[in-house]
Amino acid sequence: MTPVTLEEMLEARDRRVERQRAFLAKYQVPLVYLTLNIPGPDKLPPNAQAAFSLACRQVESALGEKGWPILGSWQETPKTGCEACWAVDGPTVLIKTAMTSLEEATPFGRLLDLDVMDPSGKKLSRDLPRRCLLCSHPAQVCARSRTHSVEQLMERIGIILEEALP
């Protein structure tokens with residue numbers, strides 16, 4: 001385990017925002033952005049990279065099935081967590097619907113964070129809030145109140161990742 005500091009996470013977020021801006025300026029189409037929802041200081045637990053690679057293939061397949069061309073993309077795995085971005089020539093709202101469906105249909109979809117931005121950079125929100133990994137409450141409520149420990153969450157994430165992979 002290589003723990004990530006808050007400073008490193010903030011720097012990674014700033015780099016991500018700059019890359020997104022550059023992609024939006026270059027392609028002027030919606031962006032699909034994928035990260036994994038991994039709490040705590042270890043952003044690359046066992047099986048995370050394999051699950052991320054599978055999720056990337058699923059995103060590309062879903063976009064291809066809809067006939068929306070991918071004009072540009074990038075993927076990387078810094079110690080702050082797996083990241084991928086696609087510039088997609090398609091209707092923003094329908095892209096968001098397709099990505100939400102993918103999150104809900106994939107066995108490890110609860111760990112996927114598939115954001116969609118319109119060409120102006122506005123992020124589309126989910127219709128329904130995410131559920132907690134451990135209980136039926138909204139995830140934001142549990143996170144804010146720290147209802148569950150990082151250890152409990154990481155144990156559940158490990159099980160989800162293990163079950164998701166062949």
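The values are calculated or read from the model by the stated rules, or taken from the named source; none is laboratory data. As the structure is a computational prediction, the values presented were derived from the model and not from experiment. Cβ coordinates were reconstructed from backbone atoms using ideal geometry, including for glycine residues, and neighbour counts include every protein chain displayed. For the accessible areas, the whole protein counts, side chains as well, though only heavy atoms, and no ligand, DNA or RNA atoms are used. Shrake-Rupley method; radii C 1.70, N 1.55, O 1.52, S 1.80 Å.
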Legend entry - Whichever residue in segment 99-154 is β-branched (Val, Ile, Thr) and touching a residue at least 60 places away in the same chain (Cβ under 8 Å) and, among such residues, is farthest from residue 35 (Cα to Cα): 150
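Among the residues of segment 31-47, write down those that are out of contact with any Gly (no Cβ under 8 Å at 6 or more places or on another chain), modelled with pLDDT under 95 and on the phi < 0 side of the Ramachandran plot.
Scanning segment 31-47 gives 37, 39, 41, 42.
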Legend entry - Subset of segment 119-161 (residues that are in a loop (DSSP other than H, G, I, E, B), within 25 Å of residue 45 (Cα to Cα) and among the hydrophobic types (A, V, I, L, M, F, W, C)): 132, 133, 134, 135
Legend entry - Cβ-Cβ under 7 Å pairs, at least 6 apart or on other chains, segment 1-14 side within 15 Å of residue 82 (Cα to Cα), far side assigned to a helix (DSSP H, G or I) and open to solvent by 70 Å² or more (accessible area, probe 1.4 Å): none
Legend entry - In segment 20-50, the residues that are among the aliphatic types (A, V, I, L, M) and either surrounded by fewer than 18 Cβ atoms within 10 Å (Cβ to Cβ) or within 30 Å of residue 151 (Cβ to Cβ) (or both): 22, 25, 34, 36, 38, 44, 48, 50
Inset, instruction - Considering only segment 98-118, state which residues are assigned to a strand (DSSP E or B) and open to solvent by less than 20 Å² (accessible area, probe 1.4 Å). - result: 112, 114, 116
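Test residue 123 against the stated conditions and say whether it is open to solvent by 70 Å² or more (accessible area, probe 1.4 Å), under 18 Å from residue 53 (Cα atoms) and among the basic types (Lys, Arg).
no
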Inset, instruction - For segment 51-97, enumerate the residues that are surrounded by 14 or more Cβ atoms within 10 Å (Cβ to Cβ), assigned to a helix (DSSP H, G or I), among the hydrophobic types (A, V, I, L, M, F, W, C) and in contact with a strand residue (DSSP E or B) (Cβ under 9 Å, 6 or more places away or on another chain). - result: 51, 52, 55, 56, 59, 63, 95
